[in-house]
1. Could you identify the single residue in 29, 44, 90 that is assigned to a helix (DSSP H, G or I) and farther than 28 Å from residue 133 by Cβ?
2. Could you run through the range 196-224 and say how many residues are surrounded by 15 or more Cβ atoms within 10 Å (Cβ to Cβ) and either under 13 Å from residue 165 (Cβ atoms) or touching a residue at least 40 places away in the same chain (Cβ under 8 Å) (or both)?
3. Would you point out which residue out of 38, 34 is more than 30 Å from residue 259 (Cβ to Cβ), part of a loop (DSSP other than H, G, I, E, B), in the same structural domain as residue 195 (by TED's automatic domain parsing) and in contact with a strand residue (DSSP E or B) (Cβ under 8 Å, 6 or more places away or on another chain)?
4. Given the range 157-237, what strands (runs of 3 or more DSSP E) lie entirely inside it while holding 3 or more residues that are farther than 21 Å from residue 279 by Cβ?
5. Scan (1) outside any helix (DSSP H, G or I); (2) within 24 Å of residue 228 (Cβ to Cβ); (3) under 14 Å from the mean Cα position of the chain (by Cα) for the single condition residue 120 breaks and write down its number.
6. Residues of the range 60-87 being part of a loop (DSSP other than H, G, I, E, B), surrounded by fewer than 24 Cβ atoms within 10 Å (Cβ to Cβ) and touching a residue at least 40 places away in the same chain (Cβ under 8 Å), which ones?
7. For the range 248-262: of the residues being touching a strand residue (DSSP E or B) at 6+ places or on another chain (Cβ under 9 Å) and in a helix (DSSP H, G or I), which is surrounded by the most Cβ atoms within 10 Å (Cβ to Cβ)?
8. Can you tell which of 125, 159 is over 24 Å from residue 219 (Cα atoms) and in contact with a helix residue (DSSP H, G or I) (Cβ under 8 Å, 6 or more places away or on another chain)?
């Protein structure tokens, strides 16, 4: 392993910089003293830290980032931003001298039985293969369900009626704080010690949907009841509330059905890499102002323009067609001698 450069000598380019993880990652990298280039389609509305170099560009059009990749040592790829053009972006990055890439992926890939049957898992697997074949020094960062997704999915119902509507009260997950994902990603981007490795970051405990609703209730200081939706109504609910095409909504429900009645996988990778335990869902719920669940607010998706939110991995997919099918990413030619 080569000697690490000092943090200040490393420049990191972050795609999806205004998303849930991207915004936290920019802050984490700046706190570590690293120069950051944050990519956004609209710098005027990005509201990124003043110390970040905000870059106007679109990962779906890699050529818009060509000049911005010069001098970059590490690249963070959020597939919600790069989508089917991930391979072209990586090829361009390699030609511009970028050495390292960290990909945000989904913990759902752990279920090998779903590789060829679940469209979301299949798509993320293809993106991972694209990254590992890129010729760059790669690291895969798989994340479990984002705790922050409850703001998007549950807040409207809680504000309107004090209710959480889901199909499976006992579906379990290990919701992860976006800051934990970002802090791990920052370590991976700034160190040469993790090349060729795959890590999974989760929350520290397996929680059912009903238990998560109780925790939110405690955080906001008002009753929150759980209301089970029959499966046929759940598909329509997912399509209306999460803006999912029918095929993706069906896939989300299948994953929830499989997660019902069994504990979720919990990983210690976050603590292993950062040196501190992952944040609990209760800690996350106490971090944002409770008014987020009780006062109407506009939810911004930042640079993620598509309405297709991949709830199982919560990274979103700009690859989703209107019928719920997924297009296949292009792949760069592998570099010989790797």
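1. Values: 29 fails: farther than 28 Å from residue 133 by Cβ; 90 fails: farther than 28 Å from residue 133 by Cβ.
Only one candidate qualifies: 44.
2. Residues that pass the stated criteria total 19.
3. On the way: 38 fails: part of a loop (DSSP other than H, G, I, E, B).
Exactly one of 38, 34 is more than 30 Å from residue 259 (Cβ to Cβ), part of a loop (DSSP other than H, G, I, E, B), in the same structural domain as residue 195 (by TED's automatic domain parsing) and in contact with a strand residue (DSSP E or B) (Cβ under 8 Å, 6 or more places away or on another chain), namely 34.
4. Working: elements: 163-166, 197-201, 225-228.
Filter on the range 157-237 gives 163-166, 225-228.
5. Exception for residue 120: condition (1).
6. Taking the range 60-87 and keeping what is part of a loop (DSSP other than H, G, I, E, B), we get 60-61, 66, 70-73, 78.
Remaining after also requiring surrounded by fewer than 24 Cβ atoms within 10 Å (Cβ to Cβ): 60-61, 66, 70-73.
Matches in the range 60-87: 60, 71, 72, 73.
7. Taking the range 248-262 as the starting set, the residues that turn out to be touching a strand residue (DSSP E or B) at 6+ places or on another chain (Cβ under 9 Å) are 248, 255-262.
Next, only the ones that are in a helix (DSSP H, G or I) stay: 248, 255-259.
Working: 248: 28, 255: 21, 256: 22, 257: 13, 258: 16, 259: 23.
Top of the filtered list is 248.
8. Details: 159 fails: over 24 Å from residue 219 (Cα atoms).
Exactly one of 125, 159 is over 24 Å from residue 219 (Cα atoms) and in contact with a helix residue (DSSP H, G or I) (Cβ under 8 Å, 6 or more places away or on another chain), namely 125.
The values are calculated or read from the model by the stated rules, or taken from the named source; none is laboratory data. On a predicted model such as this, the values are computed, not experimentally measured, just so you know. Reconstructed Cβ throughout: ideal geometry from the backbone, glycine too, with neighbour counts over all protein chains shown.
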